[in-house]
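Novice: Once you've had a glance at the structure underneath, I'll fire off some questions.
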Amino acid sequence: MQALASGERIIKLFLVCMAFSVINLASSCSQITGGGSNEPGSGRVDARDEPGGAAEPVWYVGAEQADSTHEGGLRLAVGVKSYQAFRANRAHPELADNFGWTYNHAPMLAYWHGKFYLEYLSSPIHENHSPMQTLLITSADGETWDSPKVVFPQYKLPDGKIALAHQRMGFYVAPDGRLLVLGFYGLEPHPNDGTGVGRVVREAHEDGSFGPIYFIRYNSHNGWNEKNTSFPFYAQSSDQRFKDACRSLLENKLVTMQWWEEDRSQDGFYYPIGQALKALSFFHRRDGTVVGLWKSSWTSLSKDEGRTWSKPVKSPTIITAEGKVWGQRTKDGRYALVYNPRADNRHRWPLAIVTGNDGVTFDDLLVVNGEVPPRRYNGLDKAFGPQYVRGIVEGNGSPPGNVMWVTYSMNKDDIWVSRIPLPVRSRIERPVHDTFDTGATADLDWNLYCPKWASVKIADFPSAANRSLRIEDSDPCDYSRAVRVFPESKQLTVKFKILARQANAGRLEIELLDIHGYRPPVRVYLDDQGQIFALDGNRNDEVLIARYKPEVWYAFELKIDTEKDLWGLWLDGKRVLENAEMLDPVKSLERISFRTGPYRSEPSLRTPKSPGTDLPNSDDPARQAVYFIDEVEITGR
């Protein structure tokens, strides 16, 4: 383990040095480039162009780069709550979408009339293989989501085949407040190469119903029109306000630029960007300039709301592959980019965030979601990890609270959302003493990972006046996790209480980790046989500490000295482990983790994207295990 940690650190240092080399090379090239026009679309860059100009619209100036581990060896963005909004289930469709389809991907997000609206693509097994359809789910709080509804059904082509469903844009809130939902019908094998049928639209109503489906734009260069398609053109609607909303959308060149990749018409509707750029995300800087972000680190600027664009360039400091990147101005007046900081297109982890004050320079690469559960269902092109991230497009609503929300798919099996507190931060300055007696779960400085069958939340236990953190798990192939960041410390005392509802099921692992979150140097766990174990590096073995009983509170106290690589454990005031050696030497510790399952390092970068196999026994809940955590107190130097 010690050799592994050293190797990770060497790799990390090498990546940091390479990042600085790339930045310096880009700067040098900028200084020797010949002069020229900076007009949008000219393709020529002035030698004096500073960061934020057409030569380099966005810069990552931080030293941190992600390594191969699931969390990338990065610090956490403190307080992020991640919730599984949809869990696929082939054997029991009634617990999922009533279809049993297991490819679910490319979610879009909006907030309208007090609800989150989330649209995503779905097919039985594979990406870009028909049949396909578009589903929609809603939630009042972002944590609990209703059952999916088909918003754009399977579309039969004149030759009898079923079109592919696709979308690079999901929602539009019209000037009069109406919510439009949009999708696209394309052809196999690539729905987004300009060969498809066209874009469809319908209105979402506050009562959960939808209006009729219309085409809002045909791929007319492929011969599609009102005569050979199954849905009418929007102009035929008898609802004048609906038609006005559609016209408003069509006139918005910034928003409709998201359509170009699927349409690719040369009829003048789109500004000729000149390249096959994919999955536009955009935000406005304070000076009114629009920053465009595409897959594969492509960026561009528009000073006239998307009517024209500067020549796209690759940002050498934003490391990402074919996964999407999301950018936005946040409620605290700052800016954020969310993406997978990895050049590998098969293994998309972690989901990370960088932030900045001006929309130009970004720093502090932090983890939003670093979990990579097993991929339960095989399928073509099903990359691993939390991917294809999207937030709420400007104008499409603002959820309450000083937070930002993003959505993404996990392994292209399931759909997730994350709630990110603002301002984004990586450190805690004060000692921790959490009693959970006041406040809401969402406001905790804890990072929560909550599958549908494995949740974490504050509970009125043992009473409404004396609450605790409830962590439960009935997922046969995933776990729930609660992580508390505390001030970085070399010597520390950690106290907490645990009550297990059962002693014959489940597993609760408690770990202390450093700033990188590598394989934990300190670990204690409760197993499914009523036993408490600790890991002692000196003995190179698990040490049986005690037996536990259900419905009984146990008080744990750990004293740790990272400079001596030693730690000790007290249970209910009695010393039960002395001078245990840490599993891995670390400089300091910064977070405590409670997890309802064993540590996992698979999939790794060596795990092939496809073909694969289905994970057996993943569609039925396991026996539920429930634990309560209270009086978490951490002090250190």
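Novice: Every residue in region 81-114 that is of a type in the set (Gly, Ala, Ser) and assigned to a loop (DSSP other than H, G, I, E, B), please.
Specialist: Ala88, Ala91, Ala96, Gly100, Gly114
Novice: Moving on to the next point. Which ones in region 499-516 are within 18 Å of Ile471 (Cβ to Cβ), hydrophobic (A, V, I, L, M, F, W, C) and under 30 Å from the mean Cα position of the chain (by Cα)?
Specialist: Passing the criteria: Leu508, Ile510, Leu512, Leu513.
Okay, residues lined up against (1) under 22 Å from Ala454 (Cα atoms); (2) of a type outside the set (Asp, Glu):
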site	(1), (2)
Arg484	yes, yes
Lys490	no, yes
Ala503	yes, yes
Leu508	yes, yes
Tyr518	no, yes
Asp527	yes, no
Phe533	no, yes
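Novice: Related question: Mind telling me which of the residues Ala505, Ala464, Ala454, Ala440 ends up being hydrophobic (A, V, I, L, M, F, W, C), surrounded by fewer than 21 Cβ atoms within 10 Å (Cβ to Cβ) and under 30 Å from Asn89 (Cα atoms)?
Specialist: Within the list Ala505, Ala464, Ala454, Ala440, the selection yields Ala505.
Novice: Would you mind stating whether Phe283 is aromatic (Phe, Trp, Tyr) and closer than 20 Å to Gly183 by Cβ?
Specialist: no
Novice: Moving to a separate point now. Among the residues that make up region 576-591, is at least one of them over 24 Å from the mean Cα position of the chain (by Cα) and more than 22 Å from Ser489 (Cα to Cα)?
Specialist: Scanning region 576-591, I find at least one residue that is over 24 Å from the mean Cα position of the chain (by Cα) and more than 22 Å from Ser489 (Cα to Cα), so the answer is yes.
Novice: Please specify each residue of region 301-314 satisfying the condition of being in a loop (DSSP other than H, G, I, E, B) and either on the phi > 0 side of the Ramachandran plot or surrounded by 21 or more Cβ atoms within 10 Å (Cβ to Cβ) (or both).
Specialist: If the condition is that a residue be in a loop (DSSP other than H, G, I, E, B) and either on the phi > 0 side of the Ramachandran plot or surrounded by 21 or more Cβ atoms within 10 Å (Cβ to Cβ) (or both), then Glu305, Gly306, Trp309, Ser310 are the ones that fit.
Novice: Sticking with this one: For region 268-276, indicate whether the set of residues that are assigned by TED's automatic domain parsing to the domain that holds Asn219, surrounded by 16 or more Cβ atoms within 10 Å (Cβ to Cβ) and not in a loop (DSSP other than H, G, I, E, B) is non-empty.
Specialist: There is no residue in region 268-276 that is assigned by TED's automatic domain parsing to the domain that holds Asn219, surrounded by 16 or more Cβ atoms within 10 Å (Cβ to Cβ) and not in a loop (DSSP other than H, G, I, E, B).
Novice: Select from region 503-526 the residues that are more than 21 Å from Glu602 (Cβ to Cβ), without any contact (Cβ under 8 Å) to a residue 60 or more places away in the chain and not β-branched (Val, Ile, Thr) and list them in ascending order.
Specialist: Within region 503-526, Ala503, Asn504 meet the criteria.
Residue by residue, here is whether (1) under 20 Å from the mean Cα position of the chain (by Cα); (2) at pLDDT below 95; (3) over 30 Å from Gly401 (Cβ atoms) holds:
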{"residue": "Leu293", "(1), (2), (3)": "yes, no, no"}
{"residue": "Trp309", "(1), (2), (3)": "no, no, yes"}
{"residue": "Val325", "(1), (2), (3)": "yes, no, no"}
{"residue": "Ala336", "(1), (2), (3)": "yes, no, no"}
{"residue": "Asn340", "(1), (2), (3)": "yes, no, no"}
{"residue": "Asn345", "(1), (2), (3)": "yes, yes, yes"}
{"residue": "Leu351", "(1), (2), (3)": "yes, no, no"}
{"residue": "Pro373", "(1), (2), (3)": "yes, no, no"}
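Novice: What do you reckon, is Asp630 within 28 Å of Val78 (Cβ to Cβ) and not assigned by TED's automatic domain parsing to the domain that holds Gly379?
Specialist: yes
Novice: Can you name every residue in region 165-188 that is over 18 Å from Lys324 (Cβ atoms), among the aliphatic types (A, V, I, L, M) and in contact with a Leu (Cβ under 8 Å, 6 or more places away or on another chain)?
Specialist: If the condition is that a residue be over 18 Å from Lys324 (Cβ atoms), among the aliphatic types (A, V, I, L, M) and in contact with a Leu (Cβ under 8 Å, 6 or more places away or on another chain), then Val173, Ala174, Leu180, Val181, Leu187 are the ones that fit.
Residues checked against (1) buried (at least 18 other Cβ atoms within 10 Å of the Cβ); (2) in contact (Cβ under 8 Å) with a residue 12 or more places away in the chain:
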position	(1), (2)
Asp207	no, no
Ile213	yes, yes
Asn219	yes, yes
Ser238	no, no
Lys253	no, yes
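Novice: Oh, and also: Could you say which residue among Ser480, Ser426 is surrounded by fewer than 22 Cβ atoms within 10 Å (Cβ to Cβ), of a type in the set (Ser, Thr, Tyr) and not assigned by TED's automatic domain parsing to the domain that holds Asn369?
Specialist: Criteria check complete, one pass: Ser426.
Novice: Of all residues in region 215-251, how many are closer than 22 Å to Lys161 by Cβ and not in a loop (DSSP other than H, G, I, E, B)?
Specialist: 6
Novice: From the list Trp101, Trp112, pick out the single residue that is in contact (Cβ under 8 Å) with a residue 12 or more places away in the chain and surrounded by fewer than 22 Cβ atoms within 10 Å (Cβ to Cβ).
Specialist: Checking each option against the conditions leaves just Trp112.
Novice: Could you say which residue among Gly597, Gly573, Gly568 is under 21 Å from Arg87 (Cα atoms), small (Gly, Ala, Ser) and in contact (Cβ under 8 Å) with a residue 12 or more places away in the chain?
Specialist: The match here is Gly597.
Novice: Does Lys495 qualify as being more than 24 Å from Ala546 (Cα to Cα) and not aliphatic (A, V, I, L, M)?
Specialist: Taking the combined requirement at face value, the residue does not satisfy it.
Novice: Further question: Output the residues belonging to region 61-109 that are farther than 17 Å from Gln387 by Cβ, β-branched (Val, Ile, Thr) and over 17 Å from the mean Cα position of the chain (by Cα).
Specialist: Scanning region 61-109 gives a single hit, Val61.
Novice: Search region 115-135 for residues being in a strand (DSSP E or B) and free of Cβ contacts under 8 Å to residues at least 60 places away in the same chain, and hand back the single one that is surrounded by the most Cβ atoms within 10 Å (Cβ to Cβ).
Specialist: Leu121
Novice: How many residues does region 556-572 contain that are over 23 Å from Glu590 (Cβ atoms) and part of a strand (DSSP E or B)?
Specialist: Summing the residues that are over 23 Å from Glu590 (Cβ atoms) and part of a strand (DSSP E or B) in region 556-572 gives 1.
Novice: Next question, about the same structure. I'd like the full set of residues that are surrounded by fewer than 18 Cβ atoms within 10 Å (Cβ to Cβ) and either under 30 Å from Lys564 (Cβ atoms) or modelled with pLDDT under 95 (or both), limited to region 489-502.
Specialist: Lys490, Gln491, Thr493, Lys495, Lys497 - these are the residues of region 489-502 that are surrounded by fewer than 18 Cβ atoms within 10 Å (Cβ to Cβ) and either under 30 Å from Lys564 (Cβ atoms) or modelled with pLDDT under 95 (or both).
Novice: A further question follows. If I filter region 417-447 down to residues being polar (S, T, N, Q) and touching a residue at least 60 places away in the same chain (Cβ under 8 Å), which single residue comes out as farthest from Val354 (Cα to Cα)?
Specialist: Filtering region 417-447 for residues that are polar (S, T, N, Q) and touching a residue at least 60 places away in the same chain (Cβ under 8 Å), the one farthest from Val354 (Cα to Cα) comes out as Thr435.
Novice: Take region 57-70 and flag every residue that is in a loop (DSSP other than H, G, I, E, B) and more than 30 Å from Pro148 (Cα to Cα).
Specialist: Pro57, Val58, Val61, Gly62, Ala63, Glu64, Gln65, Ala66, Asp67, Ser68, Thr69
The values are calculated or read from the model by the stated rules, or taken from the named source; none is laboratory data. Bear in mind that the values here come from a model prediction, so they are computed numbers and not experimental data. FYI the Cβ positions are ideal-geometry reconstructions off the backbone, even for glycines, and counts take in every protein chain you see.
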